[in-house]
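The structure appears right after this line, and notes come after that.
The values are calculated or read from the model by the stated rules, or taken from the named source; none is laboratory data. In this text the structure is predicted, and so the values were computed from the model without any measurement. Here the Cβ positions follow ideal geometry from the backbone for every residue, glycine too, while neighbour counts run over all protein chains shown. Note: accessible area is taken over every heavy atom of the protein model, side chains too, but ligands, DNA and RNA are not part of it. Shrake-Rupley method; radii C 1.70, N 1.55, O 1.52, S 1.80 Å.
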Amino acid sequence: MPTRVIVHVDMDAFFAAVEQMDHPEYRGKPVVVGADPMAGRGRGVVSTASYEARQYGIHSAMPISRAYRLCPQAIYVRGRYSRYRELSRKIMDILKTFTPIIQQISIDEAFLDLTGRVKDHAEAEHAGRRIKQKIREETGLTASLGIATNKFVAKIASDLEKPDGLTVCPPGEEKQFLADLPIRKLWGVGEKTAKKLMRMGFRTIGDIAKTDQLDLVRQLGSWGLQLWKLANGIDNRPVSGTSVRKSISEETTFLEDVDDPQIIEETLKKIAEGLAHSMRQKGIKGRTVTLKIRLEDFETHTRSQTLPEFINEAETIHSLALSQFRAFKTKGKKIRLIGIGVSQLNTIGGEQLSLFPLYGEKKM
Ligand code: TTP
Ligand code: MG
């Protein structure tokens, strides 16, 4: 395999940056896109925050009430999803002018494969500057880019100099590039796994890279090998359209935490109906139904079931979610949020899929 040139593009504070572009009076100010803070009593979450707002410690997925406490004077706005999608499409169209080998992985993120289109990584850096410039000229927004020999390292790189960054990891320097980063940056390592790895004595990606791979496999199973490869900067996954995550979801945050199963079951019915409606509108069906439950202490659980056929009927979605809910043990805790997602989507009549999970929370 020739040395590959993989670019990861990620827009900076995407939703908030769009709001600042469309409302010049918001520029240079802390802007928080998300639920209504209701003067500190709001119960949804932050979708994203402008870099000015991040200085107050505000970040994505934080309860909006907490954001409000950190910075009550910020500008709080609800999301305008159709506007974000419109710009997202425009950005992806710009990227397609650089290579047809592109994989969009979320509303503001994509991988590009420039192998064979540029001579080496120095030329790739040049191309990276042109990509950033074109995005800026045609949308008014800034992107951060990472360039490396594979997807994992490119994605890590794009994050290092945000906002408006361009970071190149030259071929052969992957291991060194990753060594000092915390293990949380490894793909697939969430909070729980990170704790487990810390107990095993690993703190940085370099700690894992140095370990004997057989030892890791003994302790973690076959996943240990995957982890060892990533830690050593080895990732052979191609940039391809086929692994694009496609899902659609809807969720409700209760105004007060709920423990009455009847209320939950009725809410699930409404969610299933809403979801089925938007799936039919978009002309999509799916095979996997996932129930999401967030408890009063913010512990979040999901339960999934995959069907042999594609569905989008409210009754089917509802009955699957209901049986998942009935089998779920809340252990005496109240429920804060409930949601349903459908993934493994298919198209009806070849319509273009919506690539984006629906973010944010809906209040009731
Ligand atoms: P991200 O790329 O994760 O974040 P960002 O673009 O806002 O900021 P950064 O500069 O760090 O990349 O997500 C893209 C958009 O997706 C973000 O603008 C809002 C939305 N989003 C949510 O609605 N909820 C979330 O929890 C996250 C992480 C993102
Ligand atoms: Mg982003």
Within segment 6-62, restricting attention to residues that are small (G, A, S) and closer than 30 Å to E174 by Cα, which residue is farthest from the chain's Cα centre (by Cα)?
A13
Among the residues of segment 112-129, is any away from ligand 2 (no atom under 15 Å from the Cβ), part of a helix (DSSP H, G or I) and either on the phi > 0 side of the Ramachandran plot or touching a helix residue (DSSP H, G or I) at 6+ places or on another chain (Cβ under 7 Å) (or both)?
no
On the basis of being open to solvent by 10 Å² or more (accessible area, probe 1.4 Å) and assigned by TED's automatic domain parsing to the domain that holds T97, does I147 make the cut?
no
Of the numbered conditions (1) open to solvent by 20 Å² or more (accessible area, probe 1.4 Å); (2) of a type outside the set (G, A, S); (3) within 16 Å of ligand 2 (Cβ to nearest atom); (4) in contact with a strand residue (DSSP E or B) (Cβ under 9 Å, 6 or more places away or on another chain), R78 satisfies every one except a single condition; which is it?
(3)
Filtering segment 227-248 down to residues that are over 22 Å from P170 (Cα atoms) and buried (at least 17 other Cβ atoms within 10 Å of the Cβ), which residue is modelled with the highest pLDDT?
I248
Do you know which residues across segment 277-328 are modelled with pLDDT under 95, assigned to a loop (DSSP other than H, G, I, E, B) and either loosely packed, with under 13 Cβ neighbours inside 10 Å or not assigned by TED's automatic domain parsing to the domain that holds F254 (or both)?
D297, F298, E299
Name, by its number, the condition in (1) at pLDDT 95 or above; (2) among the charged types (D, E, K, R); (3) more than 16 Å from ligand 1 (Cβ to nearest atom); (4) open to solvent by 60 Å² or more (accessible area, probe 1.4 Å) that does not hold for D113.
(4)
Taking the residues in segment 40-53 that are touching a residue at least 40 places away in the same chain (Cβ under 8 Å) and within 12 Å of ligand 1 (Cβ to nearest atom) as candidates, determine which candidate is surrounded by the most Cβ atoms within 10 Å (Cβ to Cβ).
S47
Kindly list, by first and then second residue, each pair from a residue in segment 149-178 that is over 18 Å from R129 (Cβ atoms) and part of a helix (DSSP H, G or I) to a residue that is among the acidic types (D, E) and away from ligand 1 (no atom under 16 Å from the Cβ), limited to pairs with Cβ atoms under 8 Å and residues at least 6 apart or on different chains.
K151/D235; F152/D235; V153/E174; V153/D235
Looking only at segment 96-110, and only at residues there that are open to solvent by 40 Å² or more (accessible area, probe 1.4 Å) and free of Cβ contacts under 8 Å to residues at least 60 places away in the same chain, the one that is nearest to R4 (Cα to Cα)
P100
